[in-house]
Each structure stands twice: as C-alpha cells, then as structure tokens.
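Here's the structure we're looking at; comments come further down.
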Amino acid sequence: MSETPTPTPDDAFEMLLAGNHRFVASSPEHPNQDAARRAETAPAQNPFAVLFGCSDSRLAAEIIFDQGIGDLFVVRNAGHVASAEALGSIEYGVTVLDCPLVVVLGHDQCGAIAAARTAIDGGRVPAGFVRDIVERVAPSVLAARAAGSEQPEEILTEHVRHTVDLLLERSRALAVVGLSYRLADGTAQLVGSHGLSRTDSTR
C-alpha cells in the first residue's frame, strides 16, 4: 500500500463534510469502492477518521459521508454509548492507525434516547443488556432537562456533547467533532468540536 500523508484534523473534517454534501445533493462519487482500492488496502489500512456513531440502520457512515474502503474506522453501538469496548476501539484508531480525527455521530429519532426518556418519566425500563444502554444515555437526558431543554433535538445535542466530553476525558483523542444527523434530509450538522483550528468550540 502506498504511503499517503496523514491529513490534519481540519482536512479530515472537510473531507467528511464534502462527502456529506455530495450525498445530500444526490451526487455521490462512491470513491475507493473498486477492485483496485480493495487490493491496495488488503495489506494495511490508513483511515483518515474514526467515526463513533449509533448503530441505527439509517446511519451507514460510508454512505452518508460518501467514502469508501479503508477511509473510515467505524465504531458503532446503540446510542453511541462510550463503553470500555467502544473507547478501546476508538483508541486503537487513534493510537495504532494514527487517525487524526474522531467524529461522534448522533441522529434524530434515536431509539436509545427515546427509551431513556421513557424510563426517566416512569415508564418501562428495558430488560437485559438494553437496560445498560438506557442507563448510560439517561445522564444526557437529565442534564438537558436540568438546563431547561425538553425537546428531542435539544436532548440529542446534549447527548452528542456529553459523548464528546467523555472521549476527551477518557481517551487519547486530540481532535473530536460532534455531529447531529438528520434522517429526512441527510445533513450532518456541527454540534461541537475540540482540536480544530476553524471550529474550536465544544459548546
């Protein structure tokens, strides 16, 4: 595999935004999805970003950001919960694969957030390991409400920011971006960032 320069966090972010713009405009380029790319990446991988997102079937990272084989190191679970396994996978992408950027990707109509809201409001608490996910999302719901935010979009924003903060506290990631994805129109909106020169704000 040929050596390519590692992009800066800003460059990596711009590549993702450009891909999302192509997807929204229904003009995807489908880069790096051919046999040549498959052969090129077989010996080793060199992704330009770690993407930590929800497992929702409508949130396929390589599609909504118009990327291909070997471009993104994707870590997903329901509600993008920062479990030990998720953090370890993210750190692998950062420290071993040298990814310059970590992206936290949340979305509207998130089932994990809805389940946490229901549980907090005295409704049914899921059984099994789903309960663990709800318990990890619940602090974001409570924090949003403590700040006077009740709307689903506001709670989603708080949850994405909460996950960004956890990554900065518990992992070795130096550049982290939080995005909120809209299922209906396909856009990824900036929620907060740390470590970027152009949008360096977590609030």
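The values are calculated or read from the model by the stated rules, or taken from the named source; none is laboratory data. Keep in mind that what you see is a predicted model, and the values were worked out from it rather than measured. Using ideal geometry, Cβ is built from the backbone for each residue, glycine included, and neighbour counts are taken over all protein chains shown. The accessibility values were calculated without ligands, DNA or RNA, using every heavy atom of the protein model including side chains. Shrake-Rupley method; radii C 1.70, N 1.55, O 1.52, S 1.80 Å.
Assorted remarks:
- Cβ crowding within 10 Å averaged over residues, with 13-21, 47-55 ranked highest first: 47-55, 13-21
- Translational diffusion coefficient of the range 22-66 (Stokes-Einstein, Kirkwood radius from Cα pairs, 20 °C, 1.002 mPa s): 173 µm²/s.
- Remark on the range 1-49: ratio of C-alpha radius of gyration to 2.2 N^0.38 Å is 1.29.
- Karplus 3J(HN,Hα) series, Hz, for the range 67-84 with 6.51 cos²θ - 1.76 cosθ + 1.60 (x for Gly, Pro): 10, x, 4, x, 7, 10, 9, 9, 10, 9, 8, 4, x, 5, 7, 7, 6, 4
- Protection proxy ranking for 25-36, 76-87, using the average of other Cβ atoms within 10 Å per residue and placing the highest first: 76-87, 25-36.
- Crossing angle, helix 111-120 versus the chain [Cα axis fit, 0-90 degrees, rounded to tens]: 20 degrees
- Accessible surface calculations at 1.4 Å, restricted to protein heavy atoms, place the range 20-107 at 42 Å² per residue.
- Rolling a 1.4 Å probe over the protein heavy atoms of the range 1-78, with every protein chain left in place, gives an accessible area that is 54 percent carbon and sulfur.
- Scanning residues 5 or more positions from L51 or on other chains, those with amide H under 5 Å from its amide H are F73, V74, V75, V103, with H placed 1.01 Å from N in the peptide plane.
- Kirkwood-type radius of the chain, with distances r between different C-alpha atoms, in Å: 17.4 Å
- Using alpha-carbon coordinates, inclination of helix 152-170 to the longest axis of the chain, degrees: 60 degrees
- Average projected area [Cα convex hull, the range 68-146], square nanometres: 6.6 nm²
- The range 131-202: translational diffusion in µm²/s, Stokes-Einstein, Kirkwood Rh over Cα pairs, 10 °C, 1.306 mPa s: 121 µm²/s
- Per residue, the chain reaches -12500 deg cm²/dmol at 222 nm when only DSSP H runs of four or more residues are counted, each adding -39500 (n - 2.57).
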